[in-house]
Every structure is written in C-alpha cells, then in structure tokens.
Amino acid sequence: MSDDLLVAARLALTRAYAPYSRHRVGAAVRGLSGAIYAGCNIENAAYPEGICAEAVAIATMIMAGETRLVEVVVIGETDGLCTPCGGCRQKLHEFGRADVRIHVGGPEGTTSRTFSLDELLPHAFGPDNLP
C-alpha cells in the first residue's frame, strides 16, 4: 500500500461527522487511473440515513468518471480492525475485482491487516449473477 492512500484516509477520518456514535471512519479508494478518492462517514439523527465512508469515497470516484477501483484503505477509531460493513463490501464488489486489496486499520491510521475483496465477501452476488 502506498502512503498517499493512507494519508487521504487519515485526512478523511478527521472530517467525519459522527456526533452520535463517536465512531469516525475514513476511507480512500484508488481508481484504475491511479487517482485517489476519499470519504468519511456522515451520521444522521435518523440512524439508517447515515452514509459510510466507503460509500462516500466510491461516490466521489463515480462522480469523477471512474468506475473501477484497484485498492482501498479503511481506518476508524476502534480498538479492533475497522472493516467495511456488509453493504459497503457489496458496493466495493460492484466496482472492484475479487483480488482488490483492502487495507484496514485502527485509530492510529496504520494498516493492521490487508484482505482481498474475495476474503471479505466470498461468493459475492454481482453483475455476473444477473441474466
């Protein structure tokens, strides 16, 4: 993993809006072009209406005209690993391949573990499953 991706995720973490859970998350994705797109979680008093950091980063990538991600960093303020939720794993699958590396970490913003997308979401449902 390159430092520029981690730096972008760290900056995104500082901008997270998490007044309810106090669990700030930052994410950064690298598009196929090499460009980096970052996002932070944005909570809402109506909890189901919040947005995950990974979803924001992916949306930013899509808005820039890219549709393929090749690397991901997710960091959060937690004692354990800050892995993507189930919904974000599905979103990552939509725009990444099974071998995409997802680096996850804790509050210091250092990488604690790296997974492939296939490890996080085995036997995923995706475009190939549709007629």
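The values are calculated or read from the model by the stated rules, or taken from the named source; none is laboratory data. In this text, all values refer to a predicted model and were calculated from it rather than measured experimentally. In this analysis, Cβ positions are derived from the backbone assuming ideal geometry, glycine residues included, and neighbour counts consider all displayed protein chains.
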Quick one: in the range 14-33, which of the residues that are of a type in the set (Val, Ile, Thr) and surrounded by 13 or more Cβ atoms within 10 Å (Cβ to Cβ) is farthest from the chain's Cα centre (by Cα)? Val25
Quick one: would you say Phe95 is in contact with a strand residue (DSSP E or B) (Cβ under 8 Å, 6 or more places away or on another chain) and under 16 Å from Ala53 (Cβ atoms)? yes
Select the strands (runs of 3 or more DSSP E) contained entirely in the range 42-131, then report the ones holding at least 1 residues which are hydroxyl-bearing (Ser, Thr, Tyr) and at pLDDT 95 or above. 111-116
Please work out if Ser33 is touching a residue at least 24 places away in the same chain (Cβ under 8 Å), out of contact with any His (no Cβ under 7 Å at 6 or more places or on another chain), at negative phi and polar (S, T, N, Q). yes
Within the range 34-84, restricting attention to residues that are hydroxyl-bearing (Ser, Thr, Tyr) and touching a Lys or Arg at 6+ places or on another chain (Cβ under 9 Å), which residue is surrounded by the most Cβ atoms within 10 Å (Cβ to Cβ)? Tyr37
